[in-house]
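Working notes, structure below.
The values are calculated or read from the model by the stated rules, or taken from the named source; none is laboratory data. None of these values were measured; they are calculated from a predicted model. Note that we place each Cβ from the backbone using ideal geometry, even for glycine, and neighbour counts take in every protein chain shown.
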Amino acid sequence: MKKIIFHIIIYLSIFSSCQKLDVAPPNIVKEGDIFGTPEGITSYLSRLYYLMPTEDFSYSLNTGFNNISIFRHTSCYTGEGLSRDVTAAAYGVNIWNESYTTIRQCNIFFETLPQYTANFTPAQLNQWTGEVKVIRAMTYFALASRYGGVPIVPGVLEYPGHDREYYDIPRSAEAEVYDYIAKDLDSAVLLLPDNVVANRWNKNSALALKSRIMLYAGSIAKYNTIVLFDNQNKQIAGIPAARANDYFKASFDAAKQIEGKYSLYKRLWAANDRTAQFNNYVNLFLDNNSTENIFIREYVYPGAGHSWDAYMVPLQLAGPNGWSSEIAPTLNFVELFDGLPKNENGTFKYLDENGKYIMYDDLMGPFANAEPRLKATVIFPGDEFKGERIEIWRGIYRGAVTGGISPLIQPGSMIAYPTANLSTSANGGSQTVVTLPDGRRMNAAGRSGVFTSTNIHTLSGFLIRKYLDPNRPTSQVLTGQSSQKWIELRYAEVLLSKAEAAYELHLAGQTGANYQQEAFDAINAIRERAGATLLPSVSALSTDVIRKERRKELAFENKTQHDLRRWRVWHLEQSATVYRVLMPFYSSVANKYFFDARFDQKSTPVSYTYEFRWYYLPISATELERSPSLIQNPQW
């Protein structure tokens, strides 16, 4: 869909929150101008697509949707990354009012369009109706995934002429909301065309979305332990465990229905060629004609750009506005991948058998055999990007190296590094310069950090690569000027959803398909494209393996937060948690590099704790006051 600016003001929220759900708007233009012409419908749909809760380049856990600033990326709340702007865990922003505004606009569409059916062909009517049903389903999912059972608005509520009770709609059972979403999506599938155009909803993308949402519902039914009933014994928080397999089966079936419609992107991929596999994965997020794209949100500059490059690029390549390095992937995240030097417990191996630092001739030494997918997701110290060597190191060690270098601090410590025999830089603008034994001069920290005071640099020793445009000139790395498309749904996620749903059905002893084999095949397809080691047999499959694969494949795509929530493990992972980083050092005497794996070090180390009650967000006091039938979520 081409980017269309929506010029028609069609709503105004007044009176109460319930009327924010549904109030009759004063019309700025005649109704027939909107619903009686293809141009009017196109404008209306353009606005709905914009309002649809898409967690893309312009989404932040704390500020919500359609914000140009993404200084608080969701990955920096889930352990994937660190950020200078994130200093504690958070449960998310209140999206109640804006979601019901979108739902109202959908309901207006459904009630008004039938008056103008004579103006359009059946194919047009079916497509438009199907698209709006998907948008409404996605909006209800945004609410249900955060609040549990929410009010299902039956249609466009009229105003004025009704008493308060008319607008006071109670919360539906959480399962009822997911069933309502499934009904909307099933209806859309029957109406929408069978094509694979990625920038508008179609039959196949609706099925992909259904697979995602039904997997979420099944997970809540199986793993949630927070329960709330209303005075009618309706379960408005939580889903009965008996429903889990129904939802998992619905997720699996939806994924199976689109087999053959899409494929994993392998345009540049070649077997046993790690460079090709790396380039392929990088290009996956930049190729506008990818076979993997199911649903995308387009950005165009000028007019509607985003700021991913401006905020994420390494400091040494920062654009004129000076922003950079907002996401610094954690060592915890990097350790999920294959091909790194590791200890028996899976942690990064940086000390030899004598407890001394392992020395490398080159900064990229420990990452030489890293999984291609990891290399395409993360920028390492000494990596190449835009034709430059990305300079990342913590300092220059000037001490003796005979017998090896002992750890600068004890493993597990969060203290600062000692100053003896160590040169560091406070910031990139006024680097400390060290004269090396051979007479060369070297900055104490690389051009992209790590520094001791300046914040616009890597905090972890790593930087983000995924989605960065390697061809964008530095002069154009500016706020609001990037135009990479956002891939909201891609086939890899569908395969991962199918694998997880199938394995859950296998564990539950369900029959009807070889669910274990289906899960195994899907995971190995993902791993093959990633350049990872294939699982040897179905016996190697487990819930942990599937979840780990999902976290690697969908990293920094705003999906992990929802996975941690639906699995109900976020509070377990974040209980006074301090994440780990990898600090590179240069030994001026040995002319070699070494690495120190340590806990995040700031003036005050950031500790993350996700509270158990956060799995269901609070309904605001204002909403509760305006709608007396609403019941607050547990522990709020």
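I need a count of the residues in region 387-407 that are over 21 Å from VAL313 (Cα atoms), surrounded by fewer than 22 Cβ atoms within 10 Å (Cβ to Cβ) and touching a residue at least 24 places away in the same chain (Cβ under 8 Å). Full working, then the answer.
Within region 387-407, the first condition is being over 21 Å from VAL313 (Cα atoms), and the residues that meet it are 395-407.
In the following step, the residues that additionally are surrounded by fewer than 22 Cβ atoms within 10 Å (Cβ to Cβ) were identified as 398-404, 406-407.
Those still in the list that are touching a residue at least 24 places away in the same chain (Cβ under 8 Å) too: 398-401, 403-404, 406-407.
Within region 387-407, residues that are over 21 Å from VAL313 (Cα atoms), surrounded by fewer than 22 Cβ atoms within 10 Å (Cβ to Cβ) and touching a residue at least 24 places away in the same chain (Cβ under 8 Å) number 8.
Would you confirm, using the coordinates I've provided, whether ASN195 is of a type in the set (S, T, N, Q), under 15 Å from PHE295 (Cα atoms) and either in contact with a Cys (Cβ under 9 Å, 6 or more places away or on another chain) or surrounded by fewer than 17 Cβ atoms within 10 Å (Cβ to Cβ) (or both)? Spell out how you get there, then give the answer.
On the way: of a type in the set (S, T, N, Q): yes; under 15 Å from PHE295 (Cα atoms): yes; either in contact with a Cys (Cβ under 9 Å, 6 or more places away or on another chain) or surrounded by fewer than 17 Cβ atoms within 10 Å (Cβ to Cβ) (or both): yes.
So ASN195 fits the description; yes.
I'd like the residue in region 455-479 that is of a type outside the set (Val, Ile, Thr) and surrounded by fewer than 18 Cβ atoms within 10 Å (Cβ to Cβ) and, out of all such residues, is farthest from ALA555 (Cα to Cα). Even if it seems obvious, please write down each step before you answer.
To start, the set of residues in region 455-479 that are of a type outside the set (Val, Ile, Thr) comprises 455, 457, 459-463, 465-473, 475-476, 478.
If we keep only those that are surrounded by fewer than 18 Cβ atoms within 10 Å (Cβ to Cβ) too, we end up with 455, 469-471, 473, 475-476.
Details: ASN455: 23, ASP469: 17, PRO470: 19, ASN471: 22, PRO473: 26, SER475: 28, GLN476: 26 Å.
Taking the candidates together, the pick is SER475.
Tell me which residues, restricted to region 342-386, are surrounded by fewer than 17 Cβ atoms within 10 Å (Cβ to Cβ) and within 25 Å of ALA555 (Cα to Cα). Reasoning before the result, please.
Restricting attention to region 342-386, the residues satisfying the condition of being surrounded by fewer than 17 Cβ atoms within 10 Å (Cβ to Cβ) are 342-347, 349, 352-356, 361-362, 368-369, 384.
LYS342, ASN343, GLU344, ASN345, GLY346, THR347, LYS349, ALA368, ASN369, GLU384 - these are the residues of region 342-386 that are surrounded by fewer than 17 Cβ atoms within 10 Å (Cβ to Cβ) and within 25 Å of ALA555 (Cα to Cα).
Which residue, of ASP163, ASP168, ASP230, is more than 22 Å from the chain's Cα centre (by Cα), among the acidic types (Asp, Glu) and over 21 Å from TYR100 (Cα atoms)? Break it down stepwise before answering.
Working: ASP163 fails: over 21 Å from TYR100 (Cα atoms); ASP168 fails: over 21 Å from TYR100 (Cα atoms).
The match here is ASP230.
Evaluate region 230-252: report whether one residue or more is touching a strand residue (DSSP E or B) at 6+ places or on another chain (Cβ under 9 Å) and within 29 Å of GLN484 (Cβ to Cβ). Let's see the steps before the verdict.
The first filter runs over region 230-252 and keeps only residues touching a strand residue (DSSP E or B) at 6+ places or on another chain (Cβ under 9 Å), leaving 230, 235-238.
Those left that are additionally within 29 Å of GLN484 (Cβ to Cβ): none.
No; the residues of region 230-252 include none that is touching a strand residue (DSSP E or B) at 6+ places or on another chain (Cβ under 9 Å) and within 29 Å of GLN484 (Cβ to Cβ).
Step by step: first the residues of region 522-561, then only those that are among the charged types (D, E, K, R) and without any contact (Cβ under 8 Å) to a residue 12 or more places away in the chain, then the one that is farthest from GLY79 (Cα to Cα). Which residue is that? Step through it out loud before you land on a result.
Pass one, region 522-561, residues among the charged types (D, E, K, R): 527-529, 544, 547-553, 557, 559.
In the following step, the residues that additionally are without any contact (Cβ under 8 Å) to a residue 12 or more places away in the chain were identified as 528, 544.
Values: GLU528: 25, ASP544: 17 Å.
Here the residue is GLU528.
Being without any contact (Cβ under 8 Å) to a residue 12 or more places away in the chain and more than 17 Å from GLY531 (Cβ to Cβ) is the filter here; which residues of region 253-301 pass it?
ASP253, GLU259, GLY260, ASN289
Can you pull out the residues in region 177-201 that are touching a residue at least 40 places away in the same chain (Cβ under 8 Å) and closer than 17 Å to ILE487 by Cα?
Hits for region 177-201 are VAL196, ALA198, ASN199, ARG200, TRP201.
Could you please give the count of residues in region 299-317 that are at pLDDT 95 or above and outside any helix (DSSP H, G or I)?
Qualifying residue count for the region: 2.
Going by the conditions given, is LEU125 over 27 Å from the mean Cα position of the chain (by Cα), surrounded by fewer than 21 Cβ atoms within 10 Å (Cβ to Cβ) and touching a residue at least 40 places away in the same chain (Cβ under 8 Å)? Spell out how you get there, then give the answer.
Numbers: over 27 Å from the mean Cα position of the chain (by Cα): yes; surrounded by fewer than 21 Cβ atoms within 10 Å (Cβ to Cβ): yes; touching a residue at least 40 places away in the same chain (Cβ under 8 Å): no.
Against the criterion (over 27 Å from the mean Cα position of the chain (by Cα), surrounded by fewer than 21 Cβ atoms within 10 Å (Cβ to Cβ) and touching a residue at least 40 places away in the same chain (Cβ under 8 Å)), LEU125 does not qualify.
What number of residues within region 536-566 are buried (at least 17 other Cβ atoms within 10 Å of the Cβ), over 15 Å from the mean Cα position of the chain (by Cα) and part of a loop (DSSP other than H, G, I, E, B)?
Selection size over region 536-566: 1.
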